[in-house]
Amino acid sequence: MALVEVKNISFKYPNGYLAVDDVSFSIEAGENIAIIGQNGAGKTTLLNSICGFIRPTSGSISFKGISSEKEKTLDKIGVLIEPSFLDYLTAEENLQYLSILSEDKKNSTLIESLLQKTELSDSKKKKVKTFSFGMKQRLGLCQSLLTDVELLIFDEPFVGLDPVGKELFKKVILDKAHQEKIPVLFSSHDLDDVEE
């Protein structure tokens, strides 16, 4: 059985614009799946529907065979749709705060490990308001990995990243999928990144 089943999903905005039209696919353990399309093609809308942030106009989404409307699935998904943090806190403080919110504890060892993996360890005491967009993307990657998840969802994860940041992000994605069998669903409009 697939981990996630997306069946005939459509989403129409109140103004009548059809952003997603009859999309179906499934996600298995260890898969890397890319949603490819130009800007405005509905990729973010589809990802937001799968995460449960918005409800599709029609169709169904299930997680482990249970409708996502009945099952609270977001705590099993690591998500980076748009990096958003408390700018007046440091990178480390943001992750500590999010860790406490998600698991009711502060996992300092994991936080330090994630900051090292994303090469943000030297910037952990800096306030996030001083971060570039690419640094916020990498901090968002840390955030998505703070808890044990069964699926990772990234929206345009390579946008705003320099070549080193892209390679870091790709390595984490491939490690999660191949070593830990955690499926990764991501959107992109860059075919070279998707092919890698």
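The values are calculated or read from the model by the stated rules, or taken from the named source; none is laboratory data. Please read these numbers as outputs of a predicted model, since none were measured by experiment. Note that we place each Cβ from the backbone using ideal geometry, even for glycine, and neighbour counts take in every protein chain shown. Ligands, DNA and RNA are excluded from the accessible area calculation, which covers all protein heavy atoms including side chains. Shrake-Rupley method; radii C 1.70, N 1.55, O 1.52, S 1.80 Å.
Here L86 clears all of (1) at pLDDT 85 or above; (2) within 22 Å of V164 (Cα to Cα) except the condition numbered (2). Hey, could you check the stretch 22-44 for residues that are more than 27 Å from H178 (Cα to Cα) and touching a strand residue (DSSP E or B) at 6+ places or on another chain (Cβ under 6 Å) and say which is modelled with the highest pLDDT? If we take residues in the stretch 22-44 being more than 27 Å from H178 (Cα to Cα) and touching a strand residue (DSSP E or B) at 6+ places or on another chain (Cβ under 6 Å), then D22 is modelled with the highest pLDDT. The helices (runs of 4 or more DSSP H) falling completely within the stretch 102-196 that include 3 or more residues that are free of Cβ contacts under 8 Å to residues at least 24 places away in the same chain map to 108-117, 163-179. Annotation note: Cβ proximity below 8 Å between a residue of the stretch 5-34 that is without any contact (Cβ under 8 Å) to a residue 24 or more places away in the chain and charged (D, E, K, R) and a residue that is assigned to a loop (DSSP other than H, G, I, E, B) and surrounded by 14 or more Cβ atoms within 10 Å (Cβ to Cβ) (sequence gap 6+ or interchain) occurs for D21/G42. Just one of the numbered conditions (1) over 19 Å from E156 (Cα atoms); (2) not in a helix (DSSP H, G or I) is not true of F85: (1).
Scanning the stretch 167-196 for residues that are open to solvent by less than 50 Å² (accessible area, probe 1.4 Å), within 18 Å of V79 (Cα to Cα) and charged (D, E, K, R) gives K170, D175, K176. Look at I50 and say whether it is touching a residue at least 40 places away in the same chain (Cβ under 8 Å), in a helix (DSSP H, G or I) and within 30 Å of V128 (Cβ to Cβ). Spelling it out, I50 is indeed touching a residue at least 40 places away in the same chain (Cβ under 8 Å), in a helix (DSSP H, G or I) and within 30 Å of V128 (Cβ to Cβ). Checked against (1) modelled with pLDDT of 85 or more; (2) out of contact with any strand residue (DSSP E or B) (no Cβ under 9 Å at 6 or more places or on another chain), I9 passes all but condition (2).
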